[in-house]
Amino acid sequence: MDSVEDFILEYPYQNTRELMQLMHQLLLDSIPHICYDIKWKVPYYTYNRGFCFMNPKPDRLILGLMNGAEMTDPHGLLEGGQKLVRHYISRKAEDIYKPEFLELLMEAVVINESK
């Protein structure tokens, strides 16, 4: 696969493919100068440095936030216990547009800008 767009279009599970399209567009619209490519066989985004990745599954989309462990997450939306990365799981389009998630995304931008 040559691009993130190809990866998304070729993903076999329609619901997750639609979630990836929405998340990809949200990232592009919300974060000026974000860059993206395929890395480790998944869509990977950088903003000043590693920012996030999309890990699609047949029934959900996992967005891995590279500095998720540093985030406040007051609504308990993030999962995972890795040293740095935390995951946000979307099962439907409404999950991507939750105000609480959009707040987390902007917090992640601030964290990346501070490093």
> If we keep just the residues of segment 71-98 that are surrounded by fewer than 16 Cβ atoms within 10 Å (Cβ to Cβ) and of a type in the set (Asp, Glu), which is nearest to residue 113 (Cα to Cα)?
Replying inline: 79
> When you scan segment 28-40, how many residues do you find that are touching a residue at least 60 places away in the same chain (Cβ under 8 Å) and not small (Gly, Ala, Ser)?
Replying inline: 1
>> Against the definition (within 13 Å of the chain's Cα centre (by Cα) and not small (Gly, Ala, Ser)), how does residue 84 come out, yes or no?
In response: no
> Which one is nearest to the chain's Cα centre (by Cα) among residues in segment 1-60 that are farther than 20 Å from residue 90 by Cα and among the small types (Gly, Ala, Ser)?
Replying inline: 50
> For segment 71-115, which residues satisfy the criterion of being assigned to a helix (DSSP H, G or I), under 17 Å from residue 22 (Cα atoms) and among the aliphatic types (A, V, I, L, M)?
Replying inline: 93, 96, 102, 104, 105, 106
> Going by the structure shown, is residue 30 surrounded by 19 or more Cβ atoms within 10 Å (Cβ to Cβ), hydroxyl-bearing (Ser, Thr, Tyr) and either farther than 23 Å from residue 3 by Cβ or out of contact with any Ser or Thr (no Cβ under 7 Å at 6 or more places or on another chain) (or both)?
Replying inline: no
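Only the coordinates and a few stated rules stand behind these numbers; no lab work does. In this text, all values refer to a predicted model and were calculated from it rather than measured experimentally. Heads up, the Cβs are rebuilt from the backbone with ideal geometry, glycines too, and the neighbour counts pull from every protein chain shown.
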